[in-house]
Amino acid sequence: MRTGLSVSSRLLGQVGIVVGFIDSLFGDNVIDRGLIETHWSDLLRTAISISEGRLSSVTLLRRLGNNSRKNRLYRAFRELGRVIRTITLLRFLADAQLREQITAITNKAEAFHGFSAWLRFGGEAIGRNDPDYQEKIIKFNELLANCVIYSNACDITAAANALASDGHPIDTDDLATISPYITHTIRRFGDWVLDLAPPETIPMTRLDLQPRTLFPASPA
């Protein structure tokens, strides 16, 4: 516990140093460091409760959403969030490698969100204003998206292995550009059948671009 408090104290000190340097750039619209310091222990307790599973994010959002403008814990979280966003923006402006990394990750995330939204053919909006129901819909949608991605990846792997076994050269750089977010082979509308029986054959999930090199043929 002492180690955690020591780390949190150093972090709070860094927050004060970083924000203090740029206060003059924002005039009166500066971070309320006093509010963060006053409720720092409350912020830590809330974070620990969430990480240990004693407090769900849904419950926290409900509590903070209840007359949030007068909720001092909400205001403290808001000020801390502004600090974190400010530090992130400063790092983003100063570090070209970080910008490239964030752009690449953002593109991957947006591609996945677009693919999962395409699979959610029942409608873009979730009809019920119930956090538990909304979380269930999102999880089911992501589960479906991951199942389809896995199926597409198996198809890509099988096609690449078949080409390699026929003697066609496979460029790994070209192969790396193939996305598993393939939609033209999927029929969204129709009968969806849940088959829990194991497949008759085990799907090939490994690439064998040089036949019998990675996976030697079994002896006769």
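Tabulated results
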{"quantity": "Qualifying residue in the range 153-169 (condition: of a type outside the set (Val, Ile, Thr) and under 24 Å from the mean Cα position of the chain (by Cα))", "calculated": "yes"}
{"quantity": "Neighbours by Cβ (under 8 Å, 6+ apart or cross-chain): first from the range 54-80, part of a helix (DSSP H, G or I); second at pLDDT below 75 and hydrophobic (A, V, I, L, M, F, W, C)", "calculated": "Leu73/Leu64; Tyr74/Leu64; Phe77/Leu64; Leu80/Val15"}
{"quantity": "Filter result for the condition that a residue is open to solvent by less than 80 Å² (accessible area, probe 1.4 Å) and of a type in the set (Gly, Ala, Ser), over Ala176, Ala153", "calculated": "Ala153"}
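Here's the yes/no breakdown for (1) in contact with a strand residue (DSSP E or B) (Cβ under 8 Å, 6 or more places away or on another chain); (2) within 29 Å of Arg120 (Cβ to Cβ); (3) modelled with pLDDT under 75:
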residue: Ile170; (1), (2), (3): no, no, no
residue: Asp174; (1), (2), (3): no, no, no
residue: Pro180; (1), (2), (3): no, yes, no
residue: Arg212; (1), (2), (3): no, no, yes
residue: Ala220; (1), (2), (3): no, no, yes
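Yes/no matrix, rows are residues, columns are (1) part of a loop (DSSP other than H, G, I, E, B); (2) at pLDDT 90 or above; (3) surrounded by 12 or more Cβ atoms within 10 Å (Cβ to Cβ):
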residue: Arg99; (1), (2), (3): no, yes, yes
residue: Ala104; (1), (2), (3): no, no, no
residue: Glu110; (1), (2), (3): no, yes, no
residue: Phe121; (1), (2), (3): yes, no, no
residue: Arg128; (1), (2), (3): yes, no, no
residue: Asp132; (1), (2), (3): no, no, no
residue: Ile137; (1), (2), (3): no, no, yes
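The values are calculated or read from the model by the stated rules, or taken from the named source; none is laboratory data. Keep in mind that what you see is a predicted model, and the values were worked out from it rather than measured. No Cβ is skipped: glycine too gets one built from the backbone with ideal geometry, and neighbour counts run over all protein chains shown. To get the accessible areas, we keep the full protein, side chains included, count just its heavy atoms, and leave off ligands, DNA and RNA. Shrake-Rupley method; radii C 1.70, N 1.55, O 1.52, S 1.80 Å.
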